[in-house]
Every structure is written in structure tokens, then in C-alpha cells.
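Okay, structure first, notes after.
The values are calculated or read from the model by the stated rules, or taken from the named source; none is laboratory data. Just so we're clear, the structure is a prediction, and the values are computed from it rather than from any experiment. Don't worry about glycine lacking a Cβ; one is built from the backbone with ideal geometry, like all the others, and counts go over all protein chains shown. Keep in mind that these areas ignore ligands, DNA and RNA; they rest on the heavy atoms of the full protein, side chains included. Shrake-Rupley method; radii C 1.70, N 1.55, O 1.52, S 1.80 Å.
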Amino acid sequence: MAINKETIIISLGGSLVAPGEIDFGFLKNFKHCLEKYINKTRFFIIVGGGKICRIYQKALAEFGANNTNRDWMGIKISRLNAEVIKHLFGNLADSKIIEDPTKKITNKKNIVVAGGWKPGWSTDYVSVQIAKTYNIKTIINLTNIDYVCNKDPKQFPDAKAIKEISWKDFQKIVGNKWTPGLSMPFDPRASKMAEKLKLKVVMINGKNLDRLEVFLNNKPFIGTIIN
């Protein structure tokens with residue numbers, strides 16, 4: 001591996017991996033997309049739990065489970081999704097999934113995959129912690145929205161898309177509270193840490209992987225930059 005490779009973190013939304021069933025078409029396209037760049041870029045891919053995670057967490061809550069138990073369910077499902085991603089990339093990927101983002105791995109594989117960590121911390125937070133551990137400055141958050149908006153577009157038709165926003169202003173939108181299964185553009189706790197580390201988080205709709213390629217080619221893209 002070339003020592004001057006750029007390293008980028010991709011926080012991959014679980015709902016892109018498994019919106020209901022495993023989305024094989026998306027996964028094959030995702031692999032094909034990243035393979036174009038692995039000669040010059042190393043990717044850490046942190047995989048979320050997504051919709052399936054929230055279904056199970058809702059079931060646990062119905063039966064009286066506390067936040068810790070619901071979080072562990074999310075962690076287990078994100079790690080299952082991470083297993084799928086690891087096998088998707090085959091020999092390109094490290095054979096082990098990162099479970100503790102504070103510990104450095106010595107393997108230099110082009111693709112490194114991670115899932116959830118521990119209760120109270122989302123996979124967004126895992127992404128930020130890996131950025132800290134490996135001194136990585138850019139996180140691409142592949143999600144299912146085109147832009148961060150000033151308010152929830154599902155509830156407010158007049159919500160405005162934002163192309164670039166500071167961490168301070170972003171936190172005004174997402175608030176400060178984390179709960180298991182929270183669906184936000186980027187986790188509030190992770191946002192606080194990202195601001196301290198002066199990270200750049202790029203929000204891109206993963207359903208349009210051509211936008212990811214445009215960003216990786218350093219060209220103007222459709223999405224939101226938080227920094």
C-alpha cells in the first residue's frame with residue numbers, strides 16, 4: 001500500500017444496506033464505486049443498523065427494555081450489517097470488524113469495516129472516534145437525504161436545504177440529546193466531538209452513488225458540508 005494514500009471514513013446508513021431485505025443492487029454498485037479509488041484512497045466503512053434496527057428496538061421497548069438493552073440490540077444489528085459489507089469487499093477488506101474504535105489496528109488493508117461500539121454511542125460517534133484515533137479529517141455520511149435542512153422536511157413543507165453549515169448552527173438543528181434509534185442527519189453527541197476535532201462531515205444521498213464519485217473526484221457535488 002502506498003504510504004501517501006488518503007484515508008476517508010464512510011459512515012454507511014444501515015437503511016441503505018438493508019431497507020427491508022438486503023439491497024444487493026446497492027451493495028454491488030457501492031463496491032464498484034469504491035474499487036475505482038482504492039489505488040489512492042483507503043476507506044474505513046462504519047455501518048449503521050438502519051430501519052431494521054429501529055424495528056427491533058421498538059419491539060424491545062414494547063416489552064419494557066431499557067435504553068441500554070435497546071442500544072445493545074442496535075449494536076448487534078450494525079455488526080451484522082458490517083459483516084455483510086466485509087464479505088462484499090472480500091480480500092480487499094480487513095478480516096476483522098472493528099468493535100473498539102479507540103484501538104488502532106496494524107493491518108493495512110484498503111477497506112476496514114466497523115459496526116457499533118457500546119451503549120450510548122451511535123455509529124456516527126464511532127465514525128468520529130475512528131477519525132480521532134487515526135487522525136482522519138473527512139467523514140462521508142452516506143444517508144437517504146439529499147441535503148441537511150433547517151427543519152424536518154417531512155413535517156414542514158417550507159424546510160430549506162442547506163449546502164454548507166457550521167457545527168454550531170448544525171447543533172441548533174439536531175439538539176443535544178441521544179436516544180436509541182434516533183434518526184437524525186448526524187448524531188448530536190458525535191457532532192459535538194466532530195466540532196472539537198475540526199472534522200469535515202459530508203452528507204451525501206447514498207441512493208445516488210454518482211454523487212459520491214463526484215465528491216471523490218473533488219468536483220462540486222449535491223449534498224451538505226458540515227465543518
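So, A114, is that one without any contact (Cβ under 8 Å) to a residue 40 or more places away in the chain and touching a strand residue (DSSP E or B) at 6+ places or on another chain (Cβ under 6 Å) or not? No; evaluated as a whole, the condition is false for this residue.
Residues that are surrounded by fewer than 23 Cβ atoms within 10 Å (Cβ to Cβ) and of a type in the set (G, A, S) within region 61-85 comprise A61, G64, A65, listed in sequence order. Filter region 182-227 down to residues that are basic (K, R) and closer than 27 Å to N67 by Cα and give me whichever is surrounded by the fewest Cβ atoms within 10 Å (Cβ to Cβ). Selected residue: K196. Looking only at residues in region 114-137 that are in contact with a helix residue (DSSP H, G or I) (Cβ under 8 Å, 6 or more places away or on another chain) and either at positive phi or among the β-branched types (V, I, T) (or both), the one that is surrounded by the fewest Cβ atoms within 10 Å (Cβ to Cβ) is G120. Those strands (runs of 3 or more DSSP E) of region 99-217 in which 2 or more residues are touching a Leu at 6+ places or on another chain (Cβ under 9 Å), closer than 22 Å to G14 by Cβ and among the polar types (S, T, N, Q) occupy 138-143. Applying the criterion of being part of a strand (DSSP E or B) and open to solvent by 10 Å² or more (accessible area, probe 1.4 Å) to the residues of region 5-37, the residue that is nearest to W117 (Cα to Cα) is T7.
Scanning region 38-60 for residues that are buried (at least 16 other Cβ atoms within 10 Å of the Cβ), more than 14 Å from N81 (Cα to Cα) and in contact with a strand residue (DSSP E or B) (Cβ under 8 Å, 6 or more places away or on another chain) yields a total of 4.
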